[in-house]
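Note sheet for the following structure.
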Amino acid sequence: MLAVSRDMKVEMGKMSNSELNDLINFARELKTFNSKCSLVVGAKVWVVQKTKKTEGVVTKVKRTKCLVDMRGSSYSVPMSMLEVR
């Protein structure tokens with residue numbers, strides 16, 4: 001995994017709240033785009049929450065969310081919360 005470079009941290013420290021919000025939104029969109037590229041029906045995934053990761057299997061891919069079978073139940077999960085195992 002790439003570490004955030006010192007130069008990047010310095011530049012982010014110079015940003016206004018508005019610019020930081022734009023950067024955060026861009027990062028979320030990028031996470032979703034990267035997830036969409038690798039998510040297919042049958043893919044084994046981790047559903048990432050703040051304090052835990054839960055294993056699951058994608059059963060359906062929608063526009064912004066996926067149906068994921070976890071522990072015998074099916075949940076609609078945003079793609080930004082999914083990581084391919």
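The values are calculated or read from the model by the stated rules, or taken from the named source; none is laboratory data. Since we're looking at a predicted model, the values are computed, not measured. Please note: Cβ atoms are built from the backbone with ideal geometry, for glycine as well, and neighbour counts cover all protein chains shown.
Selection of region 45-85 for residues being of a type in the set (A, V, I, L, M) and more than 18 Å from THR32 (Cβ to Cβ) yields VAL57, MET70. The single condition among (1) touching a residue at least 24 places away in the same chain (Cβ under 8 Å); (2) touching a Lys or Arg at 6+ places or on another chain (Cβ under 9 Å); (3) loosely packed, with under 12 Cβ neighbours inside 10 Å that VAL41 does not satisfy is (1).
Being touching a residue at least 40 places away in the same chain (Cβ under 8 Å) and not hydroxyl-bearing (Ser, Thr, Tyr) holds for only one residue in ARG71, ARG85, ARG63, ARG6, and it is ARG85.
Summed over region 17-70, the residues that are of a type in the set (Gly, Ala, Ser) and more than 22 Å from VAL4 (Cα to Cα) give a count of 4. State yes or no: is LYS62 among the basic types (Lys, Arg), modelled with pLDDT under 95 and surrounded by 16 or more Cβ atoms within 10 Å (Cβ to Cβ)? Taking the combined requirement at face value, the residue does not satisfy it.
Filtering region 1-55 to residues that are at pLDDT 90 or above and of a type in the set (Ser, Thr, Tyr) leaves SER16, SER18, THR51, THR54.
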